[in-house]
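Heads up, the thing below is written out as structure tokens.
Every number in this text was worked out from the coordinates using simple rules, so none of it is lab data. Keep in mind the model is a prediction, meaning the values are calculated, not measured. Here Cβ is always computed from backbone atoms with ideal geometry, including for glycine, and neighbour counts include all displayed protein chains.
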Amino acid sequence: MRMERYVKWISALELGQWADTLQAKDKMPELVADLIWATASRVRRLRFLQGDMGQVRGFDGYLDVDSNSSFVPDGKSIWEFGTNGAGKTKAQGDYDKRTAEVDAATRAQHTLVIVSPRTWDTPKGKVEDWLNEKNNQGDWKRVVYLDGSLLEDWLGQSPAVASQWARYQFRRAPQQGVLSTEEFWQSFSSRFDPALSEGVLLAGRESQAEDLLRNLAQGSGRLAFAADTADEVIAFAVAAIRKAPESVRKPLEARTLVVETADAARQLVNTCNLIYLPRNAARSCVGLLKTSGPTVISAGADDKKNDHVELTRPTSAQLGKAFTGMGMSESEGYGTARKCGRSLAVLARQKPSGTAELPAWVGDADALIPAMLAGAWVCDIEHDQQVLSSFSQKPYDETEDELLRFLVMQDSPIERIDNLWVTKAPVDAFLHLAPRVGRRHLDLFKAALTTVFETAVTSHKPPTADEPFVLRNKRDLETSHSEQLRNGLMTTLLHMAVLHKHAGFIVPGGDPQAFVDGLVRSIHGLSTNHTLMASLNQNLALLAEASPGPFLEALERQLEGDSPSIQHIFDEYPGMLTPVTYHCGLLWALEVIAWDAFYFQRAVLCLAKLASIDPGGKLSNRPINSLRAIFLSWVPSTSVGTKRRLAVLQSTVKAVPSIAWPLLTSLLPRSGDTSSPTEKPKFREYEQDHAETLTYGLVWESEAKIIALAIDEAGSIAERWISLINAMQNFQDDPFESAAERLGEVLSAVDTDDRTQIWKALNLEVKHHQKYSSTDWAMPNERIERLAALIDRYAPKALVENHTWLFDDWMPPVDGLDDDDADPTRVVEDARLQAMKAVYEALGVQGVLQITSRVKIPQSVVYSALRLEISYDERLALFTGLLSSAVRELDFAAGAVMSDGITRFADRWKEAARSTVLGIGLSSDRIARMIERIPENMQTWLYIESFGDEVTQAYWSLKTPYPLEVSTDELLHAVCKYREVGRPVAALSAVSRRLGEIPTEDVVALLIEGVEEQNALPGDRMATDFFDIEKVISELAYRPDTTLEQIASLEFTYLPMLRNDPKALHKMLLEQPSFFMEMVCQVFRAKDEKTAEASALQKSRATNAYRLLKSLKSLPGQSDQDVDQDALLAWCLEIQRLATERNRQDITDQLIGQVLAHAPLSSKDRAWPHEAVRHVIETLASPQVELGIRIERFNMRGVFCKAMGEGGDQERSLAHQAREWADASLDSVRTNALLELIAQAWLEDAERADTMARQDALRH
């Protein structure tokens, strides 16, 4: 047998010496297992006992594999390991022991493998002879003996395993030019401090790692990758292997080698079953290595690439999360990712384990200064080009040409993504380039910043309601600099202010911070024009962090006077989903400054003044909420310590009293409280005052101060004390006692009405906690007793006031409400009834009327009163009293009394009630609303007519059309009455449950009249009430006295209100080409037809026709998933003929295409479209039909969602699907070409999505 040439990693002699060590006995099974993973083609089961487990009774190892190696027997095998000896005696002993232990049937199916690291040492008995003897005996399927010399050969043919064992177990110097994955990873990760984890290399690249592992395991697929450096590609591959599941990791680790030299590559090329990761000089041998096994091809930024897969650059969030997994805090991890520009090459300089090397581009740094100053720009925006030209003092094209060479450098400081240029790691670039920035650069920078500010003001034009909608970024590009350039300039300004010491940045004749402050002070309009701050909305936080003092000075001036100039920054403008407003950036800027103890008080005062002039709006981001987040006791968003923070809070509420109460109440302790973090500084580091650690004691101290301030601010105002009472359960003991004591003083001092309001709130709160006293959130008994004493002492003397709390809530906390067998509604009703009895017995009907006027739910009082034994006269007095009230809500309660009276006293009550109502002189509308409470039937309607025509008209015009439970004659009478007052839709609602009793002609008439009613309504109001239009039309469709055309006409009329597809209309479209063409003509003009102003009716019909055509999603001749080819073709040809007659060929062909786009899959090859549609496409041979198909297939995707930074994976999947369909339709030339165009369009969309994702990643 010819042995392949291999590198000798570990010799048989070294294996024999190793056998004398203590570790050999434990490690031997592990070594052989690694060799098996590197050799076997498939491992079904591998169980080798290692370490202490090797001492247990039973087999040393069990294996089931597919193998064609001489070292590993194919199929099932039992393994016996030994290190004590090697020779015939030891082998025979192992053989006899295992043969005796294993039954014959099992031995017949298993190979016995005996392994020793020692070389066979029986001179008179050769190993080959012993093996022949045992195999001839046939006790086992086969017997194999592996000694030191064979293990030497096996290790030579498995260099990935041999390399790792040579270094880490045998302590041998590794072979020059070759590393195991473990060796490479230890070397690569330790370049950083702290050492990198695999997650850093895999962040944002998880799907690429999965593809790599799959391709390595299969030995096929794309294995060429590119990153900032070639070593990053190798590290990515190694990290992917190391983090793979064990069943994947083990065989890959055992076969993978990092090859570093050309000599090593040439030596290894004849070794089978290896995976190669060439780096350094070995990259020149990629072609040679690929002939021997899977080879990962790596390329850095400065390498020439040929279809390399670009490793995804992770977002800052993804990379930050990976750093967090290394032990960094969340904020530190995200900050590190931002500062290194998501580049490991930059990170190696920023966090090296030793001395970091200077980047290659430093030697030609002057050409990079314009890019560093700008930070980012969009190269096809003229305003941005002008700024870059001003920095370089050259035409923009020359400036860009000079920068192009840096893009191909390894570890390039700049990056270009489509039209966006950015400084990849702004901090890194500033640290290396800032020392080269001189006076001329600073003058140019100041001039550019001034120009950008001036342009921002002139171009800032909020949208108007009638302005055509355009996405904001597109709207701004024509008149201003890009948002990226603004942000980049502000970031550079911030670097000058904060990083000047680290970078060695010097301003001639001055201090860098003073230079930045002077520049900000010189900005024209910053202290007078709110438009400038509005235009810089997204950049204000950076500006404020760079120069907090001048920024605050400018804002303080804009806050002066009775009508501050800054107040218009809160104006809201129409937006797509939410209003457009420009104040959020100002709040973020002040939140950033509030982290600085030096400027804390000024920032807070500015927020308070802004809160005082804030008119409110739809966005929740308001100044008062920023203040709350800053001062919140348990998570203050500032570095300022507790004592100073509370002192500033006290001075602020005194300085701006209008915001004192809303701010203090928002800060009161509450259970389950939440808070959103404020904006934090990007670079300035603000230490906590005296390194204060937030403890429970400090939280309680803060809460106590806030409560004390709130108590002072509450004064004797009842509404404020009600708020405090509702919060008292969360007070600590001392603040609770202070609040209770002050509450008693307030109750004793306020007037009767205020005392009653406060008492009711206190009473409800105490009862609530008494009711749930067993819960962990309920107040302790001592507190309840403390408050109960106040309740008893200050209980209202008026009987009515003692019971009003029962009628202020639908489910008040009455005793017995939560008993196991209690009916809660009945318990509450009984409690109310007892209260009403007490009031009625003491004060009569007047008492009932009094309590009705003092509660929040007056109808609940009336319901309880009607359960009392009240005489006819008293009921009439109650009715009269309710009607005499100016409170309109009591009309509803009066209706309940009237309905009850009719039920009890019939005609006697009717006459008296009518006289009372007419005598009081109520309006017809009020009478109608009250009478609506009487159950509907013919007697009721006749009674209503006795009030006169005006009341009758008002009743049928205003009443809610509840479904009627009356006779058919009465049903028809109600329909007539609704129609008389022009409410056909209400009539349909009233009869919706009994539509079958209404004649077809009446139902159709109601539907037609309903359109007129709808058209008479203002705006987009819909008069659908309670009936389901689809249900009505569907019910009509089953009636024998209706036609398809009649139903289709109704569907067309109500098309905007239909939830589902209009069946009759679709049937006509599919069966009557002339009807399809009629709809086309209603929407689209003929080619030579002149433009004419359309009437409102024409516009409405055109809108419905367009909606109908777009809703058709089935094909003529289609039955489930099959299509009649002849019927479909005939329909298309007839429509084309009609379109030619009407001179609308192109648009009609597109609409035909949009119908064909909804074809089902083929039942034969499961590809789209169906064979019948392929035939039609080939027969029609119409580019416009095919264009319509492409447009509709794109639109059929509908609404879709993407994760942040997802890129174009979804579109690539759609393109792959289209390509598969194209491959299935090779016999249909036009269909194949059409599907290729669709696939290409999806790929172009994927590229655009990738570009947007990469550009967005630069912002986060």
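Data for the structure
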| read-out | value |
| --- | --- |
| The stretch 12-156 shape via C-alpha gyration tensor axes, a/c threshold 1.5 | rounded |
| C-alpha long axis of helix 1229-1257 to longest principal axis of the chain, angle in ° | 90 |
| Relative contact order [Cα under 8 Å, 6+ residues apart], the stretch 1145-1260, whole percent | 27 |
| Alpha carbon centroid spacing (whole Å) that separates the stretch 573-639 from the stretch 914-983 | 55 |
| Amide proton proximity set for residue 256, modelled H, under 5 Å, gap of 5+ | 275 |
| Extended-chain gain in nm, criterion 0.36 nm per residue less alpha-carbon gap, residue 217 and residue 673 | 159.0 nm |
| Calculated [θ] (222 nm, deg cm²/dmol) that DSSP helices of n ≥ 4 give over the chain, each run adding -39,500 (n - 2.57) | -17500 deg cm²/dmol |
| Backbone HN-Hα couplings from phi across the stretch 611-628 [Karplus 6.51/-1.76/1.60, Hz, Gly and Pro as x] | 5, 6, 9, 5, x, x, x, 7, 7, 7, 7, 10, x, 5, 6, 5, 4, 4 |
| Extended-chain gain in nm, criterion 0.36 nm per residue less alpha-carbon gap, residue 869 and residue 1204 | 113.7 nm |
| Student exercise, the stretch 1145-1260 dipole from Lys, Arg, Asp, Glu Cβ charges, in Debye to nearest 20 | 260 |
| Virtual spin-label span in nm between residue 454 and residue 712, 7 Å along Cα→Cβ | 5.0 |
| Order of 1132, 976 - criterion: other Cβ atoms within 10 Å of each residue's Cβ, fewest first | 976, 1132 |
| All lysines inside 21 Å of residue 304 as judged from Cα atoms, apart from same-chain residues fewer than 8 positions distant | 290, 424 |
| Formal net charge of residues neighbouring residue 323 (Cβ-Cβ distance under 12 Å; K, R +1; D, E -1) | +3 |
| Cβ-defined net charge surrounding residue 830, 10 Å radius [Lys, Arg +1; Asp, Glu -1] | +1 |
| Dipole-positive endmost among 1066, 607, 709 within the chain (Cβ charges, Cα centre) | 607 |
| Cα-based shape type of the chain, given that a ≥ b ≥ c are square roots of the gyration tensor eigenvalues and the cut on a/c is 1.5 | prolate |
| Within-9-Å neighbourhood charge of residue 1139 [Cβ basis; K, R +1; D, E -1] | 0 |
| Long-range HN-HN contacts of residue 353 with modeled amide H, under 5 Å | 192, 193 |
| Where labels lie 7 Å past Cα in the beta-carbon direction, separation of residue 1216 and residue 888 in nm | 6.3 |
| Cβ-based charge dipole, the chain, positive-most Cα from 918, 650, 999 | 650 |
| Cα centroid separation, the stretch 169-220 to the stretch 321-350 (Å) | 19 |
| Least to most buried among 362, 248, 604 (fewest other Cβ within 10 Å first) | 362, 248, 604 |
| Long-range HN-HN contacts of residue 80 with modeled amide H, under 5 Å | 113, 114, 115 |
| Estimated FRET transfer efficiency when R0 is 51 angstrom, pair residue 920-residue 738 (beta carbons, to 0.05) | 0.45 |
| Stokes-Einstein translational diffusion, the stretch 129-253 - Kirkwood Rh over all Cα pairs, 1.567 mPa s, 4 °C, in µm²/s | 75 |
| Calculated FRET efficiency for the pair residue 960/residue 768, C-beta based, R₀ 25 Å, to 0.05 | 0.10 |
| Hypothetical label at residue 620: residues of the stretch 708-727 whose amide nitrogen lies under 13 Å (7 Å Cα-Cβ projection) | none |
| Using alpha-carbon coordinates, inclination of helix 439-459 to the longest axis of the chain, degrees | 30 |
| Antiparallel DSSP beta bridges within the chain, percent to nearest 5 | 55 |
| Full-stretch length increase - residue 284, residue 1194 - with 0.36 nm per residue and alpha-carbon distance subtracted | 323.1 nm |
| Förster radius 51 Å - calculated FRET efficiency between residue 1165 and residue 142 (Cβ-Cβ, nearest 0.05) | 0.55 |
| Net charge dipole size for the chain [Lys, Arg +1 and Asp, Glu -1 on Cβ; Debye, nearest 20] | 3180 |
| Test item: Cα-centred dipole of the stretch 871-958, Lys/Arg +1 and Asp/Glu -1 on Cβ, debye | 160 |
| Computed over the chain: relative contact order in percent, which uses C-alpha pairs under 8 Å that are six or more apart | 4 |
| Label-zone membership for the stretch 1178-1205, site residue 1137, 7 angstrom Cα→C-beta point, backbone N under 18 Å | 1179-1181 |
| Estimated vicinal HN-Hα couplings, Hz - the stretch 328-336 in sequence order (Karplus 6.51, -1.76, 1.60; Gly, Pro = x) | 6, 6, 4, 5, 5, x, 5, x, 5 |
| Among 790, 409, 1152 - extreme Cα towards positive end, dipole of the chain, charges at beta-carbon | 409 |
| HN-Hα J in Hz across the stretch 847-861 - Karplus 6.51, -1.76, 1.60, θ = phi - 60°, x for Gly and Pro | x, 4, 5, 4, 5, 4, 7, 10, 10, 7, 10, x, 5, 5, 5 |
| The stretch 1145-1260 shape via C-alpha gyration tensor axes, a/c threshold 1.5 | prolate |
| Proxy reagent accessibility, fewest Cβ within 10 Å first, across 675, 924 | 675, 924 |
| Degrees, to the nearest 10: 1209-1224 long Cα axis against longest axis of the chain | 70 |
